[in-house]
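Here is the structure we will look at, set down as structure tokens.
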Amino acid sequence: MKANAIKHIRIIILSLSLLIVSAGMSMAGTFKASHLYNLSDFTGPLTYSWGALSVDATRNEVYFIYQNLVKVFNENGMEIFQFGDDLQLGQVLGAAVDKNGDIVLLAYLEGRSTIIKCNYRGEPLGEIKLQRLPKDFADFNASQMVSRDGLLYLASHSEKKLVVAEADGTFVRGYDVFDMLPHMDKERNDIDLSTISVDQHNNILFTIPVLFSAFILSPEGKLTSFGRPGGAPGRFNVVGGMVSDSQGNYLVADMLKSAVIVFDKDLNFVKEFGYRGAQPGNLIGPRDLVIDGRDRLYVTQGRARGVSVFQLAYD
Amino acid sequence: MKTLKLSLFGTAAAVVAIGLGANAYAFHSGGVAECDGCHSMHTPAAGGSFLLQGSDQSSTCLNCHEHAGDTGPSSYHISTAETQLGAGVSPLQRTPGGDFAWLKKTYSYLDRSGATVTEDGQVHGHNIVAADQGYAADSVNTTAPGGTFPASQLACNSCHDPHNPNRRGVDGNISRTGAPIVRSGSYNNSVAPVAGQAVGAFRLLAGAGYTKGSVTFLGNPAAVTPSSYNRTEATTQTRTAYGVSTSGGHETWGQWCSTCHPDMHSTGNYAHPIDQGMGSSLAANYQTYVASGNMTGSSATSFTSLVPFAQNTGDYATLALSAQNNNSVLTGPGSTDQVMCLSCHRAHASGFAEMLRWNNEYEFLTINGAYIGSDNSTSGNAHLGRTSAEWQSAYYDRPATTFATYQRVLCNKCHAKD
């Protein structure tokens, strides 16, 4: 009787183990990333290196900023509008679309960052001033902006600080990323932050390449890190931006490996795709990632390779 | 108060989540870096070499040393990404070596005869080959001026040894083997090595025995730089303290540069002297020169990073005292301090032809108290296609008031002919 019970327990444990293993393999087998096209204008695919990307998830339009020109692409990746090349607004660093469909620009002028609300044609309507900044953020100068769920997420890459603000610029919360990291004798300038993104749970996602690490910063301020250095699948070489898809998977760009590395929501490695090469699905120096409401992944690259667009699927 | 509390809570939570550890953030730490930052062991590039994943060596370096999205001088970046280099926009980085992106700034203007002239960006510096970031070999100088090193092979690792084993020990000597390298030795706050330890060679520069193609370096040049070195010089200068040493694994800056440019300054050539003491007359000029026509200065405040000199010492502690970024040490040269290549040229690139530290293509740097510029009506055609703001950027943001209202070229800092 006792022997039977032990046998049953062993079978159950074995079954559970197989179930867990097969679940993991099944996840790895079901994630697909298919190259669709590169962002293009009427002369063909863009031939730019890197640049700033953002998406209007409501309309699935993409904003790409290169040398102060804001280019707007429709849901099929074709350029439909551009504005902003006169430097009157300063150096345009980022663009977002608010819930009213107005464009919000982040620009840098005379040593300060400014947030400028524009109409849908890119014509300035007024400045959004950051208000009620705490003392530690009084000199905050944003270099990147993400809009999500009515909030503006601002990153200062030089200061290694993040600020979350209401759409009218009122300070909500802020983080000094450098101070949140364990360190010893190094200075703020010894690390770089990647571009940030914000996932569906309003976590802020970013990487620090020199640490070979990716970070998930929850709205409550809990910082979770993952990643190990190495060239093997799932390891990090020189990481860039990170996004999360509709399934909660995390996708991390690796510039050196020239690949996008995928982890599931529990941070288990799933797969890599891209890799250096000349084929359409290959990547060269992928740096920044954005994702739209249809799980289309946009990837900036070097070597004048423009922006590659991949469809993520889970069947 | 509520937000502050939340932020504090965030900090506490984060520490718990990722744990307390003693991470060293600096990647190179004075010597060979973490292998995985440059090599990918199991996903080599198609057609790549050395398991590097960049298209070439320099592309690999610039994966980290160039950062799209910078708004100004930032960290260890030595190149501004193309995405931020529109017309009328200058490169952003202000390292002592200079921003390689000046190589991508081509200017057109009318010369004094009214003919259109194009100043190709490639004249602004060392044309490293970095295909991923859009840097190509020099198309005019196919070999190093004054030498035979092929332009097609010029890369970051032509001058910097990425695996640099050169170490400075407790005795100040540099050797390829010995006590382990424990940290960088480049900075004014780099702790001096103690017995059983060594620090890295300045800037991971190539040292004795490092061979690229047909050239071999014979030693390391001595220098110390402030720990915060990539910064605007609008109000205070960044002073890298260059030294002179020919012993214990060292060579002078001129000797080091001549590894690739041997005929530029070799004996018998009719060229500007380097590696020579300035002598009392030129040193006195340097000390008293304030601006064109103004010789009322004093040694204690005479240093300008637009015309640096090599202090006649190989003692790193002495050099560290001079390597400041807050104008606390602006002492000028003595008669035995030396002129060197870097007195006039930047090492990477600059906003001026021949990677000079100032514009030598016109008599004046300023006219009527303002930079020459296409937006300065009194500049005539002398603006060389740049706006006043672009000129100011090339001078590391110094206001025009730093100079005389009609400031002449900075050869005069030593020669005082104006």
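When region A:42-71 is limited to residues that are within 11 Å of chain B (Cβ to nearest Cβ) and part of a strand (DSSP E or B), the one that is surrounded by the fewest Cβ atoms within 10 Å (Cβ to Cβ) turns out to be A:Leu69.
Restricting attention to region A:181-200 and to residues that are in contact with a Gly (Cβ under 7 Å, 6 or more places away or on another chain) and in contact (Cβ under 8 Å) with a residue 40 or more places away in the chain, the residue that is nearest to the other protein chains (Cβ to nearest Cβ) turns out to be A:Thr195.
For (1) under 30 Å from A:Val252 (Cα atoms); (2) touching a helix residue (DSSP H, G or I) at 6+ places or on another chain (Cβ under 8 Å); (3) touching a residue at least 60 places away in the same chain (Cβ under 8 Å); (4) small (Gly, Ala, Ser), each residue gets a yes or a no:
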position: A:Thr114; (1), (2), (3), (4): yes, no, no, no
position: A:Gly122; (1), (2), (3), (4): no, no, no, yes
position: A:Gly126; (1), (2), (3), (4): no, no, no, yes
position: A:Val146; (1), (2), (3), (4): yes, no, yes, no
position: A:His157; (1), (2), (3), (4): yes, no, no, no
position: A:Lys161; (1), (2), (3), (4): yes, yes, no, no
position: A:Asp168; (1), (2), (3), (4): no, no, no, no
position: A:Tyr175; (1), (2), (3), (4): yes, yes, no, no
position: A:Asp179; (1), (2), (3), (4): yes, yes, no, no
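Within region B:190-239, the set of residues being within 14 Å of chain A (Cβ to nearest Cβ) and aliphatic (A, V, I, L, M) comprises B:Val191, B:Val199, B:Ala234. The condition (being modelled with pLDDT under 95, surrounded by fewer than 18 Cβ atoms within 10 Å (Cβ to Cβ) and under 22 Å from B:Ala68 (Cα atoms)) is satisfied by just one residue among A:Asp98, A:Asp86: A:Asp86.
Within region B:221-243, being assigned to a loop (DSSP other than H, G, I, E, B) and among the small types (Gly, Ala, Ser) holds for B:Ala222, B:Ser227, B:Ser228, B:Ala234, B:Gly243. When region A:256-284 is filtered for residues that are part of a loop (DSSP other than H, G, I, E, B) and touching a residue at least 40 places away in the same chain (Cβ under 8 Å), the ones remaining, listed by number, are A:Asp264, A:Leu267, A:Asn268, A:Pro280, A:Gly281. Take the residues in region A:201-249 that are in contact with a Lys or Arg (Cβ under 7 Å, 6 or more places away or on another chain) and outside any loop (DSSP other than H, G, I, E, B), then tell me which one is nearest to the other protein chains (Cβ to nearest Cβ). So, considering only residues that are in contact with a Lys or Arg (Cβ under 7 Å, 6 or more places away or on another chain) and outside any loop (DSSP other than H, G, I, E, B), the one nearest to the other protein chains (Cβ to nearest Cβ) is A:Pro229.
Listed here are the residues, each with its yes/no results for (1) of a type in the set (A, V, I, L, M, F, W, C); (2) surrounded by 18 or more Cβ atoms within 10 Å (Cβ to Cβ).
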position	(1), (2)
A:Leu105	yes, yes
A:Tyr108	no, yes
A:Gly126	no, no
A:Pro134	no, no
A:Ala165	yes, yes
A:Met180	yes, yes
A:Ser197	no, yes
A:Asn202	no, no
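Listed conditions (1) more than 19 Å from the chain's Cα centre (by Cα); (2) modelled with pLDDT of 90 or more are all met by B:His67, apart from (1).
Quick check on B:Ala130: is it within 11 Å of chain A (Cβ to nearest Cβ) and modelled with pLDDT of 95 or more? Answer is yes for this residue. In region A:218-232, the condition of being in contact (Cβ under 8 Å) with a residue 12 or more places away in the chain and of a type in the set (Lys, Arg) is met by at least one residue.
The values are calculated or read from the model by the stated rules, or taken from the named source; none is laboratory data. Predicted, not measured: the structure shown is a model, and the values here were computed from it. Note that we place each Cβ from the backbone using ideal geometry, even for glycine, and neighbour counts take in every protein chain shown.
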